[in-house]
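Undergrad: Attaching a single structure in structure tokens format; questions to follow.
The values are calculated or read from the model by the stated rules, or taken from the named source; none is laboratory data. Quick caveat: nothing in here was measured; it's all calculated off a predicted structure. Cβ coordinates were reconstructed from backbone atoms using ideal geometry, including for glycine residues, and neighbour counts include every protein chain displayed. These area figures cover heavy atoms from the full protein model, side chains too; ligands, DNA and RNA do not enter into them. Shrake-Rupley method; radii C 1.70, N 1.55, O 1.52, S 1.80 Å.
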Amino acid sequence: MEFVYIPPGSFWMGSAAKERGHEADELHHQVEISNGFYIQTTEVTRKQWKALMEGDPSSFPACGDSCPVDRLKPAWVDKFIEKLNARDGTYLYRLPTEAEWEYVAKAGSNTAFSTGSCLGESNAAYDASIPFGFCRQGAKHQGPSPVASFKPNPWGVYDMHGNVWEMCSDWYEEYDLANVRDPAGPAQGDYRVLRGSSWKFPEAFARSANRFKNIRDIAGFRLVMLKKQPE
């Protein structure tokens, strides 16, 4: 696994009401990420998953071991992280919070995508046959792509738009505007938050601010890495 350092900072989470594609649950508000962290440059691959876990639930096994693992239940992801933490004495691993994920996805941008107002088939795996607004129409992807098949975003992170949905640590609920410094979401809920969209969904779902509920087990994930504190 490879990780890149993300420095602390503030950003506008969600989307402005006038932004094309804006949804009611994307309330625009400023959020502070007070501590830097390392995030995995790619989604967890099938090879990485099978190194710790028995079985491979992925929907497209023919894609190969360099493709992201998907169709995961939250409990399976938690078990993977538990096993990874047990074997690494230097670092701790966890899912990104929803705020951390969007902070990295936007990578300093204030547009619908880190690439601008349109995504473009050369930048991500998504269903380009249904364009976003005035964006260019393209072809449908027939499945996920191997990780890092497209250019990274300006912060060196791959596939934040499209490929497979990514699970966050948060449980889904409306944003808490009283908690805007390192928000972590509620302690419990009905559905985990998914971000980033997938190869199967239209361009609008891949917007940086788009939120999705883990109603069905369709997602993969990437990890955040933190240095262990001395005991």
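Undergrad: Between [x] 17.7, 65; [y] 16.6, 55; [z] 17.4, 57, which entry matches Rg and Dmax of the Cα atoms in Å as derived from the coordinates of this structure?
TA: Read-out from the structure maps to [y].
Undergrad: In segment 23-63, which residues have a backbone nitrogen under 18 Å from the label point lying 7 Å from ASN85's Cα in the Cα-to-Cβ direction?
TA: Zone members listed by number: 37-40, 52-53.
Undergrad: May I pose another question? By its C-alpha gyration tensor, with a ≥ b ≥ c as the square roots of the eigenvalues, how is segment 1-99 shaped: rounded for a/c under 1.5, else prolate for a/b larger than b/c, else oblate? Let's see the in-between values first.
TA: Working: a/c = 2.50, a/b = 1.52, b/c = 1.65.
Taking the square roots of the gyration eigenvalues as a ≥ b ≥ c, segment 1-99 is oblate.
Undergrad: Run the reach check for LYS227 against lysines, Cα to Cα strictly under 18 Å, same-chain hits fewer than 8 apart removed. What comes back?
TA: LYS83
Undergrad: Of the listed pairs LYS140/LYS213; LYS47/LYS106; LYS18/LYS106; LYS50/LYS106, which have alpha-carbon separations greater than 25 Å here?
TA: LYS47/LYS106; LYS50/LYS106
Undergrad: Right, next: Restrict the search to segment 125-184; then list the GluC sites (Glu not before Pro) that DSSP places in a loop and that have at most 14 other Cβ atoms within 10 Å of their Cβ.
TA: The qualifying sites are GLU173, GLU174.
Undergrad: Let me check I've understood the local charge: for ILE215, count other residues with C-beta under 11 angstrom from its C-beta, Lys and Arg +1, Asp and Glu -1. What total comes out? It would help to have the intermediate numbers written out before the result.
TA: Values: positive: ARG192, LYS213, ARG216; negative: ASP190, ASP217.
Surrounding charge for ILE215 is +1.
Undergrad: Placing unit charges on C-beta atoms (Lys and Arg positive, Asp and Glu negative, everything else neutral), compute the dipole magnitude of segment 60-127 about its Cα centre in debye, rounded to 20. Don't skip to the answer; put the middle values down first.
TA: Numbers: 7 positive and 10 negative charges, 50 e Å.
Dipole of segment 60-127, to the nearest 20 debye: 240 debye.
Undergrad: At LYS151 and ALA62, where each label point lies 7 Å from the Cα along Cα→Cβ, what is the point-to-point distance in nanometres?
TA: 3.1
Undergrad: So if I place +1 on the C-beta of Lys and Arg and -1 on the C-beta of Asp and Glu, and nothing else carries charge, what would the dipole magnitude of the chain be about its Cα centre? I want it in debye, nearest 20.
TA: Working: 26 positive and 30 negative charges, 107 e Å.
Approximately 520 debye in magnitude.
Undergrad: Round to the nearest 10 and report in Å² the accessible area of MET160, as given by a 1.4 Å probe over the protein chains' heavy atoms.
TA: Around 10 Å² of this residue is reachable by solvent.
Undergrad: How many Å² of accessible area per residue for the chain, probe 1.4 Å? Before the final figure, lay out the partial values.
TA: Numbers: 11140 Å² over 231 residues.
For the chain, the per-residue accessible area is 48 Å².
Undergrad: Assign unit charges at the C-beta atoms only (+1 for Lys and Arg, -1 for Asp and Glu), then state the dipole size of segment 74-199 relative to its Cα centre in Debye, rounded to the nearest 20. Show your work: numbers first, answer last.
TA: On the way: 11 positive and 16 negative charges, 99 e Å.
That gives segment 74-199 a dipole magnitude of about 480 debye.
Undergrad: Are there any chymotrypsin sites (Phe, Trp or Tyr not before Pro) in segment 104-192 that are in a DSSP loop and have at most 16 other Cβ atoms within 10 Å? List them by number.
TA: Working: sites: PHE113, TYR126, PHE132, PHE134, PHE150, TRP155, TYR158, TRP165, TRP171, TYR172, TYR175, TYR191; in loops: TYR126, PHE132, PHE134, PHE150, TRP155, TYR158, TRP165, TYR172, TYR175, TYR191.
Qualifying residues, ordered by number: PHE134, TYR191.
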